[in-house]
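Working notes, beginning with the structure itself.
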Amino acid sequence: MAPRSWLCTWCGSETSLPERPGSSWIAAALLVPFVIPGVVYQAWRLTSKRLRCPICGQSQLIPGDSPLARTWRHAGWIPGQSLPTGQTDPRIERIEHAIDAIAAEVERVGRAQRDGGQRLPPG
């Protein structure tokens with residue numbers, strides 16, 4: 001069952017009528033002189049799973065009832081603005097911790113290689 005509303009993660013707008021990729025004008029222009037390419041193009045447009053935001057044109061739509069959309073609304077996210085100051089998504093904090101751990105490991109391996117390729121001490 002298709003969601004009733006969609007949330008654009010690019011511009012923050014909510015819509016119930018996302019656009020399909022491509023253009024109906026191109027489909028009509030192809031259908032008149034070239035029937036087969038026009039039918040193929042129209043079939044691609046209608047079966048494409050990537051929907052576009054009618055406001056910004058990006059294909060960054062998520063269902064309006066998804067956990068991420070609910071989290072953003074609960075955190076006080078206003079469409080077109082970032083999260084309020086002082087409030088961060090816990091997933092972003094975990095990602096930042098993982099990036100720090102990876103950077104520390106890369107630095108440790110680089111130091112070991114510069115020191116003559118000795119056996120690396122464990123983490």
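The values are calculated or read from the model by the stated rules, or taken from the named source; none is laboratory data. Model, not experiment: these values are computed from the prediction. Positions of Cβ are generated from backbone atoms using ideal geometry, with glycine treated the same way; all protein chains shown enter the neighbour counts.
Taken over the range 46-72, the criterion of being among the basic types (Lys, Arg) and surrounded by fewer than 14 Cβ atoms within 10 Å (Cβ to Cβ) is satisfied by Lys49, Arg50, Arg70.
Yes/no per residue for (1) in contact with a strand residue (DSSP E or B) (Cβ under 8 Å, 6 or more places away or on another chain); (2) modelled with pLDDT of 75 or more:
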| residue | (1), (2) |
| --- | --- |
| Gln60 | yes, yes |
| Ala69 | yes, yes |
| Leu83 | no, no |
| Asp89 | no, no |
| Glu93 | no, yes |
| Glu105 | no, yes |
| Gly110 | no, yes |
| Gln113 | no, yes |
| Gly117 | no, no |
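Taken over the range 31-45, the criterion of being among the small types (Gly, Ala, Ser) and surrounded by 15 or more Cβ atoms within 10 Å (Cβ to Cβ) is satisfied by Gly38 alone.
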